[in-house]
Amino acid sequence: MTTSHGTEFEIHDPNNTLTPRQREVLVWVVEGKDNGAIGILVGITLGTVKFHMIALLRRFDAPNRQLLISRAWKAGLVKARQLAIGLLILGNA
């Protein structure tokens with residue numbers, strides 16, 4: 001399971017359908033970060049982020065980030081962390 005510090009989500013990929021770096025990039029995409037921010041957070045170049053983004057978009061046959069997130073969520077890869085769920089519930093109370 002890939003979890004990055006400061007994220008409200010984690011990537012659950014028990015069959016290792018994605019590379020470790022793809023999982024790390026995907027969790028930040030789900031958080032809404034742009035490519036530049038992902039590069040800084042992960043410690044890779046913008047070109048490398050774009051490389052992994054292209055691979056993720058192709059893997060999920062998604063023309064954009066929104067559909068990528070939706071399809072990754074529906075595939076069961078994206079999980080909300082417990083803290084995030086609690087905050088959402090408390091925020092709506």
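The values are calculated or read from the model by the stated rules, or taken from the named source; none is laboratory data. Given the structure is predicted, the values throughout are model-derived calculations rather than measurements. Because the Cβ atoms are built from the backbone with ideal geometry, glycine has one as well, and the counts that use them run over all protein chains shown. These accessible areas exclude ligands, DNA and RNA; they are computed on the full protein's heavy atoms, side chains included. Shrake-Rupley method; radii C 1.70, N 1.55, O 1.52, S 1.80 Å.
Nonpolar atom fraction for the stretch 7-67, defined as the carbon and sulfur part of the 1.4 Å probe accessible area, stands at 53 percent. Placing R0 at 25 angstrom, the Cβ-Cβ distance between LYS74 and ILE44 gives a FRET efficiency of 0.40 after rounding to 0.05. Working from label points 7 Å from Cα in the Cα-to-Cβ sense, the GLU31 to ASP61 distance is 3.1 nm. For a straight C-alpha distance cut-off of 22 angstrom, the lysines reachable from LYS50 (same-chain residues fewer than eight places away being disregarded) are LYS33.
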